[in-house]
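To start, the structure under review is shown below, and the notes come after it.
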Amino acid sequence: MDMRHCLVTGANRGLGLEFVRQLLAGGARVVATARHPGRATALNALAGAHPGRLHVLPLDVTVARSRDELARELELVLDGQRLDLLLNNAGVLHGGERFGQVTEADLETSLRTNAIGPFLLAQALAGQLADGGIVANLSSELGSIALCREFRTPSYAIGKAAQNMGTVQLAKALAPRGIRVVALHPGWVRTDMGGERAPVAPAEAASALLAVLGRLGPGDSGLFLDPGGNVLPW
């Protein structure tokens with residue numbers, strides 16, 4: 001897969017930061033976003049080590065003005081080039097939810113961050129995506145209706161299920177340009193969100209998912225894939 005120009009959201013830590021590291025190692029030019037770039041110490045250190053190849057820009061994916069400002073700044077950063085990969089990694093999970101105590105605020109935050117924001121960002125940046133490029137939405141098997149076996153993190157699960165539908169809708173909308181849009185389940189990853197008990201290291205998860213993206217064919221757009229490239233049920 002030709003990944004000369006990439007954008008990764010939620011890149012200040014965890015899996016997002018590891019995606020940036022590995023894309024840079026592969027020779028890509030990367031735009032990495034964070035809500036508070038000034039606090040993204042590790043990301044800024046990477047930018048210092050890769051001058052001209054990593055640009056750190058602010059983005060709150062839930063805010064329209066922030067998405068619009070990113071689109072404008074991206075025009076300057078890309079200097080006439082187009083994005084080969086948009087990786088919607090930014091997300092939120094509210095742990096410890098119990099039935100009877102799930103709040104409207106947590107449901108709304110999850111929908112805005114995990115589903116609405118990534119969809120609208122892809123829409124806003126559509127003109128800056130290369131024909132034949134890729135939009136990858138970091139999802140979770142917890143968003144699979146077919147695989148749901150227990151009451152667990154409902155706001156996150158509902159948000160990711162909505163994101164999955166957004167993935168399919170984007171796949172249909174961008175199909176005429178050959179842009180492939182997929183939802184990716186990274187596994188249970190050892191990050192701030194996944195927790196210390198998670199068995200998969202961020203480097204392992206990022207490597208596996210980038211390999212999946214590298215194998216995508218024209219007919220794979222609109223799929224929900226695990227780290228092995230296997231299709232998951234909606």
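Only residues that are closer than 16 Å to Leu74 by Cβ and in contact with a helix residue (DSSP H, G or I) (Cβ under 7 Å, 6 or more places away or on another chain): list them for region 127-141, please.
Residues satisfying the conditions are Gln128, Val135.
Answer yes or no as to whether Pro186 is in a loop (DSSP other than H, G, I, E, B) and crowded, with 19+ Cβ neighbours inside 10 Å. Give the derivation first.
Details: in a loop (DSSP other than H, G, I, E, B): yes; crowded, with 19+ Cβ neighbours inside 10 Å: yes.
Answer is yes for this residue.
Do we find a residue being of a type in the set (D, E, K, R), farther than 30 Å from Glu97 by Cα and within 16 Å of the chain's Cα centre (by Cα) anywhere in region 219-231? Before the answer, list the steps.
Going residue by residue through region 219-231, those that are of a type in the set (D, E, K, R) are 220, 226.
Add one more test, that the residue is farther than 30 Å from Glu97 by Cα, and what stays is 220.
Narrowing the set further to residues that are within 16 Å of the chain's Cα centre (by Cα) leaves none.
No, the conditions are met nowhere in region 219-231.
Pull up region 143-173, narrow it to residues that are charged (D, E, K, R) and assigned to a helix (DSSP H, G or I), then point me to the one that is surrounded by the most Cβ atoms within 10 Å (Cβ to Cβ).
Within region 143-173, the match that is surrounded by the most Cβ atoms within 10 Å (Cβ to Cβ) is Lys160.
Across region 24-49, what is the number of residues that are crowded, with 17+ Cβ neighbours inside 10 Å, farther than 22 Å from Arg67 by Cα and either among the small types (Gly, Ala, Ser) or in contact with a Ser or Thr (Cβ under 6 Å, 6 or more places away or on another chain) (or both)?
Count: 1.
Restricting to region 63-119, count the residues that are among the small types (Gly, Ala, Ser) and either part of a helix (DSSP H, G or I) or in contact (Cβ under 8 Å) with a residue 60 or more places away in the chain (or both).
So the answer is 9.
All of the numbers you see were taken from the coordinates with simple rules; none came from a lab. A quick note: this is a predicted structure, and the numbers were derived from the prediction, not measured. Every residue, glycine among them, receives a Cβ derived from its backbone with ideal geometry; neighbour counts consider all protein chains shown.
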